[in-house]
1. Report every pair of residues separated by at least 6 positions or lying on different chains whose Cβ atoms are under 7 Å apart, first residue within the stretch 153-171 and surrounded by 18 or more Cβ atoms within 10 Å (Cβ to Cβ), second among the polar types (S, T, N, Q).
2. Could you tell me how many of the residues in the stretch 962-989 are in a helix (DSSP H, G or I) and either without any contact (Cβ under 8 Å) to a residue 40 or more places away in the chain or not hydroxyl-bearing (S, T, Y) (or both)?
3. Scanning the stretch 105-134 for residues that are at pLDDT 90 or above and of a type in the set (D, E), which turns out nearest to T81 (Cα to Cα)?
4. If you check L954, L941, which single one turns out to be modelled with pLDDT of 95 or more and under 27 Å from T713 (Cβ atoms)?
5. Among all residue pairs at least 6 apart or on different chains, which show Cβ distances below 7 Å where the first residue, located in the stretch 940-952, is in contact (Cβ under 8 Å) with a residue 12 or more places away in the chain and the second is in a loop (DSSP other than H, G, I, E, B) and among the acidic types (D, E)?
6. Are there any helices (runs of 4 or more DSSP H) wholly within the stretch 7-100 with 2 or more residues that are closer than 25 Å to G171 by Cβ and either of a type in the set (K, R) or touching a residue at least 60 places away in the same chain (Cβ under 8 Å) (or both), and if so which?
7. Suppose we keep only residues that are assigned to a strand (DSSP E or B) and at pLDDT 90 or above within the stretch 479-498. Which one would you say is nearest to K198 (Cα to Cα)?
8. Out of all the residues in the stretch 109-121, is one or more over 19 Å from W165 (Cβ atoms), part of a loop (DSSP other than H, G, I, E, B) and either of a type outside the set (F, W, Y) or within 33 Å of the chain's Cα centre (by Cα) (or both)?
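The values are calculated or read from the model by the stated rules, or taken from the named source; none is laboratory data. It should be emphasised that the depicted structure is a prediction, and the values quoted were computed from it without experimental measurement. Cβ coordinates were reconstructed from backbone atoms using ideal geometry, including for glycine residues, and neighbour counts include every protein chain displayed.
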Amino acid sequence: MLSVVVPVYNVAPYLDECLMSVLGQQLREIEVIAVDDGSTDGSAEILARRAQQDARLKVVRQENAGQGAARNLGVSLSRGTFLTFLDADDTLPPGAYQHAVQTLRRTGSDFAVGEVKRVRNDAQSAPPWAAVVHERDRLGIAIDDFPEALQDVIACNRVFRRQFWVDEVGGFEGRGAYEDHVPMVKAYVRATRFDVLKRVTYYWRIRENSTSTGQQKHQLANLRDRVAVKAEAQDFLEREASEQVFSTWLGRVLDLDLPPYVKHALVADDEYRELLSEAYLRHIAMATPHAWRSVRVFHKLRAWHAATHRWDVVDLIQQEVRNHGRPPRAVVRDGRVFADLEIADELDPDTPPELFELADSETALDARLLRARWDDTTRLRLRGWASVRAVGTGGRDHHLSLSLRQLDGDETIALTPSAVDEPRANSTIAEAEADHAPAGFEVVVDVDSLLRARTTAGRWALEADVSVDGVRRAGAFSGPVAGGSAAAQSLSPARTQGHLVTPVWQADGGFVLDVAPVHDAEPAAPEPTDRPEIHDAGTEDEALVLALTGLPDGASLELAGDRVVVLLGRPTSRPRGHEAVLPLRASILGGPVLPLPSGGYSLRLADGTPVSAAPSFRSQFPLEQTTGDVTARWTFTRRGEARLTVMSGPRPAERSKWARRQVVHRYERSEDAAVDQVLFQSRGGLAAGGAPAAVARAVAARRPDLDLVWSTTDRSVAVPDGARRVVVGTQEWAQAVRRSRFVVADGPVDELLPPPDRRWMNLAFIQTLTSTGHARWQADGFSPGHVREQEQRIAMWDVLVAGGSRAAAAIATDLGYCGEVAVLGDPASDLVVSADDEARRRARTRLGLGSDAFVVLYAPADRPDRATGAGSARLTRLLDVRELRAALGPSSVILIRGGAAVAHGERRILGEPGVIDVTDYPEEADLVVAADAAVLDYTPLRLTWALTGKPAVLYVPDLDTYAAHHPPVVPWEDSAIGPAVTTTKEVARALGEPAALVATYAGAVARVNATSNELADGGAAARVAARLLDER
């Protein structure tokens, strides 16, 4: 039996999901011991309810004593042969415990440790140690065999033999943070043998509310706990571990333990800085060359300068990482790889040269397979790449050898690869300073030749040996590219010369050919499946033509993406199935028919049944097909379902970090002269609307001789008639920016800086309620160097436009901008103040809104706790739109408008009756005109809505939390155009009496218009166009 100990303390929002994941494990012989450590938030009630439903859950309660004490109590009550720990805010993949326990039963090891995925808002990422520690299965090893295992010391991704834990580890001590580190180090050192697993066995939640222990690194007490734990681990390792293990642990401290505190030290007090400096100095003094080899280069350089109290240089290194990413541009000297930094002259001249060398993990072999396909039963064709990270191959002396090595013998067979250009290598490896595309290869494995040379059966591992300018890396292939024909689900065996040759991915050997003799008859061909399958796809007139089988009579198909669902025409019957035309263009939210938005799509029947990819079709994956302006890439999911990635923006070869960096380099070197054209960008290229569009119309009226260019993220964005489109990230786009005499945007223009003798105008700060400058930067913990960097990015603009005197004051005080501030009004408001009944009818017709519908616009601000990546987020879940619509009645329609970060994210609300996600609608003013009422919170849309005089409710349940991250520059009450409420019921109650709302807040609305909309007269766009063209 497996005993699972779950310490619980005030985790009510996450506890149900945690318990469902553990009680739903495939391993049935399990007991779950939940120790409530004095929770006060309802966690106890959740535990009691779950315990009544499942007898395997046992609940005990103690006065709050800390996570370690709770775990120890749980262990004392456990009865299992095996033992594991689970934090109550985390979850488990299906089958995780079964896999670990089965491994331990097979190997007899003392414990098994699986890989971890971090989870934030459903987005998964691997921790930095995963690629090193969990690259492959390592079974029955000791710590001296693989000291790098010490990089992974969290408690919950491992299953122990309970008796080993009790006898050799002994439990958790103290109640400070990071109490799990030392017991895990003890387990590694004292284990006779342990198993390291490639498989992910744990989902580690990064809490959206930033309340977990690991998210408190800005606190001095947290740093003290970390330093104390490292000292305790050091004492233990010096007593019981070998020099090699101790040295590897030192590398871990310098690469993983201390670096997360650096950004906090840059804005902390002297006591915090001094403690971190002392910790660095102590560990640097003990570090050996072996230890330094596992420390990434920027961590080495920050360590050195933090230890010597050069915090200004540490800040400079941080800026280098932000601007250029990692790993840095590299140079090879005598077979070793060193960072080639632009800031090298500004670093401490006494910095040891070896600290500029990249870590082993930064220059590891990256070998993956993209395709694996049988040409016939004797020839297996493989395509992939093998490269050296951070070094790449472009323009270098590059040599690749491939071989099959017998795993159960000592034979090696050389293969003959052919070089091919493989752009997917760059997009997958994702390094801005190294070109890996030339590292592509194609090779044919002749199985008959293998059998003639070696007639015995066995397992043969594919291995690569790469040499680039004297840097040599060799090893097995780490895995397939997801969704390609080399993925495990797509591999199939072949029979030849009385042998069955089965290509497989094995956790201990990578890509392996398993050759075994067979004596039975050839198996019968598999029975045709009756499930819907795609057998082939061709291109025709900006569409794909699909050959399908298994479609029910009268079935219809749809292509479902995160932003849009496209209905296909009814499939046409053919002698061997059906043919369907899949258009790669559609109208979104009533707009023109344009290429589909870039992103992932699934093909399914109208009833939701997924369409799979037949094996013959899957063998070609990843398959790219281009028609018109769109490239579609076919892949498949783990369940065999067809997956289509539409690329209507940059071409596949233009989408990598490397390609983008080359575009920027060419832009910086260009000497193109300015021409008479204006480049516009709105919402980061996701629309051609808002204030930039209003200014574009005014410029066209004033100067019809000027060429107008729109910068968009892809070709699904509609641009005005007569304008030219350029796609962000392409060479054409960079050239258009460089040559444009005028640039108008409502945000940054990617990484590009204005050339001399141009006029760049920014409309991002026309109206503002919350800080986008110093107060926000301070709230986010920006270092002095980071603040200067932000100030420089704002200072590069020639003109900032303000909607009124309040906005102008905020630009001066909050942004610290000293350039030209043009107080001209908000061009986007021109459409609102000039709108008539016909404009309202047009907007509602485009959105499919009936004349009698009561339309509510819900436009929440982006929330930091909903972030899914840099600049992207998901819609806040605070307002229950279903409940709101039910309360307002069936004639109501809710329009949901996400903010800029939600717009850059992928998910939209689709298929919800009475709810329309208008995040991608280009013109926000149309939505204001079309709606009858609004639910708003913290965005400047409050000010625009005030111009309409229509009812509004301010839904602000998280006001204090939001304000902590987004300090107001204007008191909230000064823009209160409606009641401030905190529940969906209150929103519904207020909107139930719209006339009363208008009457009650008429005075407040008038004051807002007087103080913030004094220039909203319908002429703002014309004034901005005149100022842009310098026609004063």
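1. N157/T201; R158/T84; V159/T84; F160/T84; R161/T81; R162/S3; R162/S78; R162/T81
2. Number of matching residues: 11.
3. Result: D110.
4. Selected residue: L941, the only one of L954, L941 that is modelled with pLDDT of 95 or more and under 27 Å from T713 (Cβ atoms).
5. K950/D932
6. Answer list for the stretch 7-100: 12-23, 67-77.
7. Filtering first and then ranking leaves G479.
8. Within the stretch 109-121, the subset over 19 Å from W165 (Cβ atoms) is 115-121.
From what's left, part of a loop (DSSP other than H, G, I, E, B): 121.
Those still in the list that are either of a type outside the set (F, W, Y) or within 33 Å of the chain's Cα centre (by Cα) (or both) too: 121.
Yes, the stretch 109-121 has at least one match.
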